[in-house]
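Engineer: For reference, the structure I am asking about is given below.
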Amino acid sequence: MNERQLGIDKIKKRERKEDVFVRDPLKRYLEVRGWKVKIIHGGKFQYGLPDLYATHKRYGPRWIECKLPRMQGSQFTKAQLEWLPIMDANGSPVWVLTAANEHEYKKLFKKSNLTEMMLMTI
């Protein structure tokens with residue numbers, strides 16, 4: 001598969017809206033609450049992974065995919081549509097968050113919402 005088929009070619013050309021409006025503010029929001037957060041950079045050899053990996057002494061690890069509110073203007077890449085459900089089904093749940101606020105933050109303490117969010121894009 002090439003980058004275009006994986007849906008990552010546009011990422012290199014410009015910063016995604018999710019990165020500016022959701023990922024970066026969410027990273028700061030989590031860090032203020034004691035989380036250690038790593039931005040996961042996709043590329044030619046690493047694709048389909050969520051945007052953030054966060055871990056907390058008390059709450060453990062979380063994989064977080066950032067999308068715009070109500071998925072408007074956001075979409076999952078082909079690689080994410082393939083890989084994220086595999087992660088979720090094999091003990092590495094993925095949470096999809098759409099903002100840096102308390103409502104979204106509370107989702108991290110519930111069951112993964114990946115399937116629900118993917119169904120919104122169909």
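No lab work stands behind these numbers, since they all come straight from the coordinates. The structure displayed is predicted, hence computed values, not measured ones. Virtual Cβ from ideal backbone geometry, glycine too; neighbours counted across all protein chains shown.
Engineer: In terms of modelled amide H atoms, which long-range or inter-chain residues lie less than 5 Å from the amide H of residue 96?
Structural biologist: Residues meeting the amide H criterion: 65, 113, 114.
Engineer: Then there's this: Please list 91-102, 41-52 highest first by mean number of surrounding beta-carbon atoms within 10 Å per residue.
Structural biologist: Working: 91-102: 17.8, 41-52: 16.0.
The peptides rank, most packed first, as 91-102, 41-52.
Engineer: Follow-up question, since we're still on this one. For q values of 0.09, 0.12, 0.21 Å⁻¹, compute log₁₀ I(q)/I(0) with the Debye formula on a Cα-only model of the range 3-119, without solvent.
Structural biologist: Once normalised to I(0) and log-transformed, intensities are -0.21, -0.39, -1.27.
Engineer: Roughly speaking, what is the stretch gain from residue 120 to residue 75, that is 0.36 nm per residue apart minus the C-alpha to C-alpha distance, in nm to one decimal?
Structural biologist: Values: separation 45, 0.36 × 45 = 16.20 nm, distance 0.96 nm.
That pair, residue 120 and residue 75, stretches by 15.2 nm at full extension.
Engineer: In this model, which of 57/106; 36/106; 36/78 are farther than 26 Å apart at the alpha-carbon? Spell out each step's value before the answer.
Structural biologist: Details: 57/106 17 Å; 36/106 17 Å; 36/78 28 Å.
Among 57/106; 36/106; 36/78, the Cα-Cα distance tops 26 Å for 36/78.
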